[in-house]
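The values are calculated or read from the model by the stated rules, or taken from the named source; none is laboratory data. Here the structure is a predicted model, which means the values were calculated and not measured. Every residue, glycine among them, receives a Cβ derived from its backbone with ideal geometry; neighbour counts consider all protein chains shown.
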Amino acid sequence: MKVLGILGSPRIRGNTDLLLDEALRGAQGEGAEVEKLVVDKLNIAPCREYYVCLKEGNCAIRDDMDEIYVKLLNADRIIVASPIFFYGLTAQLKALIDRCQATWARKYILKQKLPDSGRKGAFIAVGATRGKKLFDGSRLTLKYFFKAINVEYSAELLIPGVDKKGEIKTHPTALSDAFKLGQRLAQG
């Protein structure tokens with residue numbers, strides 16, 4: 001079982017990073033092989049709408065996405081973690097998602113078969129405010145992202161009202177909830 005964690009936060013050792021680490025630790029405790037991508041440290045250009053992907057299934061832009069496509073398609077489980085900025089995902093994470101237009105094109109335009117076999121994904125998000133619709137837009141984006149790479153959206157951990165770096169450590173259940181999320185994903 002391969003579990004890929006994708007950190008969309010630019011704040012290393014911040015709340016989102018701590019939650020993702022716990023989820024990956026939970027998965028690893030169940031015997032999963034885990035890998036963590038820190039999107040902010042990668043070279044990912046935004047989508048330029050060249051639309052080469054519609055003809056070839058591959059993006060014309062050469063950067064770190066070349067390796068990320070392989071990781072996305074080879075993972076059995078994917079955990080995406082992001083803080084919420086203005087009711088949305090971080091720009092770094094959104095660039096990665098937008099570049100998956102290539103996998104969307106493979107699946108829906110070119111009718112290529114993507115890896116299946118019960119692949120599942122989870123979303124972890126932390127937002128500073130407590131807005132009623134704080135996670136709605138991001139949740140929808142993640143559901144369509146997972147669909148484009150043939151992954152079932154199967155779990156989420158959404159934490160409102162947390163902002164200061166490390167503040168998640170004082171939340172009564174967040175870290176243990178993240179650990180349990182990782183365990184459940186790795187178990188099936």
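Points worth noting:
- Scan of the stretch 101-129 for residues that are touching a Leu at 6+ places or on another chain (Cβ under 7 Å) and farther than 23 Å from Arg13 by Cα, ordered by number: Thr103, Ala105, Arg106, Lys107, Ile109, Leu114, Pro115, Lys120
- Verdict on Gly182 being of a type outside the set (A, V, I, L, M), touching a Gly at 6+ places or on another chain (Cβ under 8 Å) and touching a residue at least 24 places away in the same chain (Cβ under 8 Å): yes
- In the set Ile44, Ile84, Ile78, Ile61, only one residue is of a type in the set (A, V, I, L, M, F, W, C) and over 30 Å from Gly127 (Cα atoms); that residue is Ile61.
- For the stretch 25-64, the set of residues classified as among the β-branched types (Val, Ile, Thr) and in a loop (DSSP other than H, G, I, E, B) consists of Ile44, Val52, Ile61, listed by residue number.
- Scanning the stretch 108-122 for residues that are surrounded by fewer than 21 Cβ atoms within 10 Å (Cβ to Cβ) and modelled with pLDDT of 95 or more gives Tyr108, Ile109, Leu110, Lys111, Lys120.
- From the options Ile79, Ile97, Ile12, Ile6, residue that is within 30 Å of Ile168 (Cα to Cα) and surrounded by fewer than 20 Cβ atoms within 10 Å (Cβ to Cβ): Ile12
- Positions within the stretch 144-167 being touching a strand residue (DSSP E or B) at 6+ places or on another chain (Cβ under 7 Å), more than 16 Å from Leu4 (Cα to Cα) and buried (at least 16 other Cβ atoms within 10 Å of the Cβ), in sequence order: Leu157, Ile159, Val162
- Only residues that are assigned to a loop (DSSP other than H, G, I, E, B) and modelled with pLDDT of 95 or more were counted across the stretch 167-188, and they come to 3.
- Restricting the stretch 123-139 to residues that are farther than 18 Å from Ile79 by Cβ and under 16 Å from the mean Cα position of the chain (by Cα) leaves a set whose member that is surrounded by the most Cβ atoms within 10 Å (Cβ to Cβ) is Gly137.
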